[in-house]
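The values are calculated or read from the model by the stated rules, or taken from the named source; none is laboratory data. Every value quoted in this text rests on a predicted model; they were computed, and no experiment measured them. Every residue, glycine as well, gets a Cβ built from its backbone with ideal geometry; the counts of neighbours run over all protein chains shown.
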Amino acid sequence: MRLNRLAVAAVLAASALALTACDPDGSGSDGASAPAATVTAAPTAAPASPKPPAGTGKPTAAASGKATTPAADCTAGANGTTVLEATENAYSTHVWMRARSTRFVCGPEVPNDGYWEPQGDARVYEFDNAVKSYLLDDELKPRGVDLTAFMKVQEACLKNAEPAAPYRCFGNQYEVKLGAQGKVLSITQLYRP
């Protein structure tokens, strides 16, 4: 009877060693296998980690103003997109916006998705005379508005106030297109839950 228990233990140990020599995707090991202590640990089934709910507070990668399904490559939708996070504005005599630049970060909490993270100091951006400005309506569709209406909604959002309907605040991030002299040619409010 002891021989059978020893044989079973040897088979289990060899199986465990063989399993630790493979990567999780089964592609093999690069020589840095798991420590031998792994073999003696009792195997337990780890529950699958559920996907975080949509309302986690992290921004989405919807650069077009619409909530979309994440791409296989998290950064694919962010390439070539300029997003600024507004911190201050003025529009009574001279129209300008102070904003921080952002970079797109793939979020570890949200698989295959990411968010725009502000970085650096805020700087002043002026607007081109022919600027096109868009705010998200109550259906999250970009709606063209004149620059004064845009700046009023942005100002309300910056002051944590409720703007006039049908507009709402979504984190003060905007997709912009800048001209050769750094002036804003178009600005679109981004959705951020």
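Taking the range 151-188 as the range and being over 22 Å from Asn79 (Cβ atoms) and either not assigned by TED's automatic domain parsing to the domain that holds Arg100 or not in a loop (DSSP other than H, G, I, E, B) (or both) as the test, the residues that pass are Met151, Lys152, Val153, Gln154, Glu155, Ala156, Cys157, Leu158.
Scanning the range 147-187 for residues that are surrounded by 19 or more Cβ atoms within 10 Å (Cβ to Cβ), over 17 Å from the mean Cα position of the chain (by Cα) and farther than 18 Å from Ala90 by Cβ returns a single hit, Tyr167.
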